[in-house]
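For reference, the structure discussed in these notes is given below.
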């Protein structure tokens, strides 16, 4: 992401995570919830900053100079739905001009490992990478900025571990690809794999295309601007679906058209407290849960469809 693109006005939302939330769940879980919710509402960057008196402040940045009343109301409604209604008291909306976001994203972002075969590293640390840390691993070089695009979030890590644990992936569909990190992981782990990565956000498509070039997997990944309707004539043995519970439920009929015989869908982005809704919808449509894994407030499922 070049600096010229970033040096413009951004609509920004700030709110404080209240102490009662942090006693009900761990601070990390609350931060994950808040950042995830902002990304789901269209934020292109989100961070948690420390304030006075041990406060934790979420700052989300949106790719427009201002938010419409409808957009703001939608964000407020989402916060109420997901138990963040008390945070609305401290909600502030502003516009940030000429902020060097690239520099801010670089601060504190260090290489780390996921599972047994994967590692994540920002491109600017490539020459300084600890080779011992990444020994025997496929390293994904990724530009940070989106909470769901760096591998830091628990839901992304569930999908990456699920991809790693598959013996072979040949044809895959990555729905809502974001930064392209899941598609890149599949490509690096399976050299003959072909992945179609779809996203309806032009900025995500641009970023995914950039990241596939950085990781030298352009010949394996096709990034498509659009929805699953863009590939309705194809069949896939694997579908990556790191989305909300509600979005996954809505997409089940589409997945049934796209899934190949004996294929599986990796479902993440599901709040544990809402997982029963997804499991009910899966059972009603003859899907079978093959694997279920909880990580704090999040649950990931691997599911197969039995006609």
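Rule-based calculations on the coordinates, nothing more; no lab input. Everything numeric here is computed off the predicted structure, so don't read it as measured data. With ideal geometry, Cβ positions are generated from the backbone for all residues, glycine too; neighbour counts draw on all protein chains shown.
If you take P(r) over Cα pairs in 20 Å bins from 0, in percent from the coordinates, which of [x] 36, 61, 3; [y] 33, 60, 7; [z] 32, 57, 12, 0 do you get?
This structure yields the entry labelled [y].
If a paramagnetic tag sat 7 Å from the Cα of residue 127 along the Cα-Cβ line, which residues of the range 202-244 would have the backbone N under 20 Å from that point?
Hits in the range 202-244 for residue 127 at 20 Å: 214-216.
For the chain, modelled as a Gaussian network with Cα springs under 10 Å, which listed residue fluctuates most, 165, 209, 53?
Evaluated over the chain, the most mobile residue of the options is 53.
What list do you get for 292, 212 if you sort them by fewest beta carbons within 10 Å?
Exposure proxy ranking, most exposed first: 292, 212.
Could you work out how much longer the chain between residue 113 and residue 260 gets when fully extended? Use 0.36 nm per residue separation minus the Cα distance between them, nm to one decimal.
Working it through step by step, the gained length comes to 49.8 nm.
Using only alpha carbon pairs under 8 Å that are at least six residues apart, calculate the relative contact order of the chain and give it in whole percent.
Once divided by the residue count of the chain, the mean separation gives 13 percent.
Among 177-185, 39-47, what's the highest-first ranking by average C-beta atoms within 10 angstrom per residue?
Packing proxy ranking, top to bottom: 177-185, 39-47.
If we count other beta carbons within 10 Å of each Cβ, what is the order of 15, 112, fewest first?
Neighbour counts put them in this order, fewest first: 112, 15.
Going by average Cβ density within 10 Å per residue, which order do the peptides 192-202, 227-237 take, highest to lowest?
Final packing ranking: 192-202, 227-237.
With a 10 Å cut-off between alpha carbons and a GNM built on the chain, which of 54, 211, 73 moves the most?
54
Under a crude label model (7 Å from the Cα following the beta-carbon direction), how far is residue 250 from residue 285 in nanometres?
That separation, rounded to one decimal, is 1.3 nm.
Between residue 14 and residue 73, what is the spin-label point distance in nm, taking each point 7 Å from the Cα along the Cα→C-beta axis?
The answer from the label model is 2.7 nm.
Using 0.36 nm times the number of residues separating residue 233 and residue 165, minus their current alpha carbon distance, what extension gain do you get?
Length gained, residue 233 through residue 165: 21.7 nm.
What is the spin-label model distance, in nm, from residue 88 to residue 203 if the labels are put 7 Å beyond Cα along the C-beta direction?
If labels sit at residue 88 and residue 203, their model points lie 2.5 nm apart.
Report, for the chain, the % of DSSP beta bridges that are antiparallel, rounded to 5.
Around 60 percent of the beta bridges assigned by DSSP in the chain are antiparallel ones.
Work out, step by step, the length gained on full extension between residue 272 and residue 218: first 0.36 nm times the residue separation, then minus their alpha carbon distance; give nm to one decimal.
Length gained between residue 272 and residue 218: 15.9 nm.
Would you order 71, 65 from fewest to most other beta-carbon atoms within 10 Å of each residue's own beta-carbon?
Ordered by Cβ neighbours within 10 Å, fewest first: 65, 71.
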